[in-house]
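Every number here is computed from the coordinates shown, using simple stated rules; none is lab data. Keep in mind that this is a model prediction, so the values were computed, not measured. Neighbour counts are summed over all protein chains in view; Cβ atoms, including those assigned to glycine, are modelled from backbone coordinates with ideal geometry.
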Amino acid sequence: MDKRLKYEGKAKRVYEISEEDVYLVEFKDDATAFNGKKKGSIQGKGVINAKVSAHFFKLLEEQGVPTHFIEMVDDNSMKVKAVEIIPVEVVVRNIAAGSLAKRLGLEEGIHLKKPVLEFYYKSDELGDPMINIYHIRAMEFAKDEEMQKIEELSFKINDILADYLEKRDILLVDFKLEFGRYKGKVILADEISPDTCRFWDSKTKEKLDKDRFRRDLGGVEEAYQEVLKRVTEGGC
């Protein structure tokens with residue numbers, strides 16, 4: 001396959017290929033935390049994140065959520081629709097953890113009475129600062145109708161994934177989403193994986209995500225493998 005590197009991020013490479021309106025996304029084993037200050041590698045992460053993301057994209061498509069996913073090419077690469085990424089990252093929070101627990105002085109693990117949406121400006125140089133709807137309007141990152149669609153899809157995705165994971169003894173603590181414009185519509189892009197989600201075992205509260213890398217808890221590869229196993233068992 002002829003391909004030309006368009007963009008390389010912390011966890012993925014995006015290539016332009018000969019197919020019109022199609023990109024190739026390759027998932028890497030590289031791992032970063034704290035806005036790139038901590039760097040390392042997680043063996044097999046690229047394959048696991050690609051497979052978990054593809055599984056979730058298929059599940060969401062079946063439930064009426066439009067995504068950029070087209071098909072897997074190999075174990076760590078997928079074809080996706082060539083979206084224009086909206087520079088607003090969405091974090092959906094169900095349980096107090098990470099920065100939310102620190103900011104609000106909450107004990108980690110407290111279930112929030114309602115899911116919380118937070119918005120962040122997608123900028124590695126600035127460390128992805130938190131923003132609100134007024135910043136988004138002032139800077140014209142997205143139109144009001146696009147943000148309304150993003151909110152609607154974010155809550156729907158949360159409901160679908162939380163229910164799916166609960167049946168597999170996984171708590172969906174929080175997760176990051178990115179969206180893009182494709183032929184005039186807002187669709188889900190990026191990835192949904194242990195890199196972008198906090199997954200806890202619902203019985204033991206053991207962390208099954210990148211927090212094991214962030215906090216030097218060990219067992220990172222094993223946690224990622226466990227997520228892949230639980231998520232993909234029995235199909236969608």
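At-a-glance table
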{"quantity": "Longest to shortest principal axis, alpha-carbon extents of the chain, angstrom", "calculated": "48, 41, 37"}
{"quantity": "Helical contribution to [θ] at 222 nm, DSSP H n ≥ 4, -39,500 (n - 2.57), averaged over the chain, rounded to 500", "calculated": "-9500 deg cm²/dmol"}
{"quantity": "Rounded to 5, percent antiparallel among DSSP beta bridges of the chain", "calculated": "100"}
{"quantity": "Cβ-based exposure ranking for 67, 32, in which fewest neighbours within 10 Å come first", "calculated": "32, 67"}
{"quantity": "Whole-Å semi-axes of the ellipsoid equivalent to segment 84-217 (Cα gyration tensor, √5λ, descending)", "calculated": "26, 17, 14"}
